[in-house]
Amino acid sequence: MDKDSFLKWLYDLQVHGIKLGLSNITGLLNKLGDPQNSFKTIHVAGTDGKGSTSACIYSILRASGVMVGLYTSPHLIEFNERIVFDGTEITNDELAELASEIVPIVGSMEESGAKCTFFEVTTAIAFMHFRNKGAEYAVIEVGMGGRFDATNIIIPEVCVIGNISLEHTEFLGDTIEKIAFEKAGIIKPGVPCITLNKDHAYDVIKEVAFAKGAPLTRVLPEDIEIRNNGVRCLSFTYKGEEYDVSVPGRHQANNASMAIEAVSKLKIFGQCIRCNVRKGLKSVYWPCRMEKMKGLPIILDVTHTHAGSAELVVDISEIYGKVLVIFGVLNDKDIVHICRDLSTIATRMIVTQPDSVRAESVADVNRIMSEYETDITMTKNVQDAIEEAFRSRKKDELILVTGSFYMAGDALKWLKKTYARF
């Protein structure tokens, strides 16, 4: 089975939907020899910023000479982006080789009534790959929630719970407290936990950590000071120490500070990590997080929550001022509040829809955005939106593409098609 055949088979598993629970992944991994037990892990949950936090931890470990894997989701263009080891994405040949092992097992499980989902199988593939590569550590990002997420099969050396806001309420609950409880489900007995949440979310996390005897460290806002918020780098101080993180945006100081605390709890911290924290943060690469594309007047961003859009508009205003906004979003997001936020930084708006069956229609996005912005153009897809923006932009006007991972991915595809260097 080659990569394309395997991915078709894998995506066909989406017919099974999203099933939160650990029975399938437990059975699948057991049949594969429990690859997750062959390396140590750091587990990262949260609503916004968990990918950035994971990338920071991963970069610090790489800078320290640790053989480390990174498992994140979703991808922007290629599935391979989800599974990275020592700076290299899983190859097509490696995927095909793992497919030959896992496909028959998943098939036999389905015959017995255990229907594995897309994310369960993808998680198993990541664990198999890291085992095969001889990983010492792997940074594992939670897919959704935490307590019943397929990644929660691991016993990490440290866990991180980033910012919590309302998301996936049909699965995780309709209050911050309920969602915090689900995300706190990654906390394991005696395992250190890092968080920056406050108020009701922190109260829930604190209660779960106490019940499990897990040492809890909270990153405090007063310990963080922003020194410079630049186009390609954020300089900040945490607990009196100066750091640079090569991902823009004020909130990256929070993510980087959690990463600093997380690696400090690892058993190998004093051996090789302590002196490489700054080096690791300065070399983080995490695409489409307010990323200004070199040589082009375009900024790509994956923000898709109200909390994220509130932070985005602050950063865009501070670094760039007003921008031409291209916006599309999935239909399960807080579209009203995101539209309201983005309207405050828009010279004008182009609304469109990403290439996803879950995309909100252009007409509905336009209707909502019209409550906050009058100068709106509608296009049928992201490619048309970008081309319209380039045709009609004023001199020196920058273009922000945001609203979804799918929006950023579609924009990257356009860039690769249009400019050879991408």
Residue satisfying all of: in region 123-173; in contact with a Leu (Cβ under 7 Å, 6 or more places away or on another chain) and among the polar types (S, T, N, Q); nearest to Ser257 (Cα to Cα) among these: Asn163
Given (1) modelled with pLDDT under 95; (2) surrounded by fewer than 22 Cβ atoms within 10 Å (Cβ to Cβ); (3) in contact with a helix residue (DSSP H, G or I) (Cβ under 9 Å, 6 or more places away or on another chain), number of the condition Gly295 does not satisfy: (3)
Boolean, Lys333 is in contact (Cβ under 8 Å) with a residue 12 or more places away in the chain and either more than 25 Å from the chain's Cα centre (by Cα) or exposed (fewer than 14 other Cβ atoms within 10 Å of the Cβ) (or both): no
Within region 301-319, considering residues that are of a type in the set (Asp, Glu) and buried (at least 18 other Cβ atoms within 10 Å of the Cβ), the one modelled with the lowest pLDDT: Glu311
Some residue of region 99-108 being under 25 Å from Ile194 (Cα atoms) and β-branched (Val, Ile, Thr): no
Residue ID - modelled with the lowest pLDDT, chosen from residues in region 320-358 that are of a type in the set (Gly, Ala, Ser) and not in a helix (DSSP H, G or I): Ser356
Condition check for Gly51: modelled with pLDDT of 95 or more, farther than 27 Å from Thr195 by Cβ and assigned to a helix (DSSP H, G or I): no
Options Tyr11, Tyr58, Tyr71: the member that is touching a residue at least 24 places away in the same chain (Cβ under 8 Å), within 30 Å of Glu291 (Cβ to Cβ) and surrounded by fewer than 16 Cβ atoms within 10 Å (Cβ to Cβ): Tyr11
Flag for Ile194 being within 21 Å of Ile268 (Cα to Cα), in contact (Cβ under 8 Å) with a residue 12 or more places away in the chain, in a strand (DSSP E or B) and not polar (S, T, N, Q): yes
Counted residues, region 132-149 - those being within 30 Å of Ile338 (Cβ to Cβ), in contact with a Lys or Arg (Cβ under 9 Å, 6 or more places away or on another chain) and not in a loop (DSSP other than H, G, I, E, B): 1
Selection within region 71-89 - over 10 Å from the mean Cα position of the chain (by Cα), in a loop (DSSP other than H, G, I, E, B) and over 21 Å from Gly280 (Cα atoms): Leu76, Ile77, Glu78
Count - residues of region 360-405 that are among the aliphatic types (A, V, I, L, M), assigned to a helix (DSSP H, G or I) and surrounded by 14 or more Cβ atoms within 10 Å (Cβ to Cβ): 8
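The values are calculated or read from the model by the stated rules, or taken from the named source; none is laboratory data. If you're wondering where the values come from, they're calculated on a predicted model, not measured in any experiment. Positions of Cβ are generated from backbone atoms using ideal geometry, with glycine treated the same way; all protein chains shown enter the neighbour counts.
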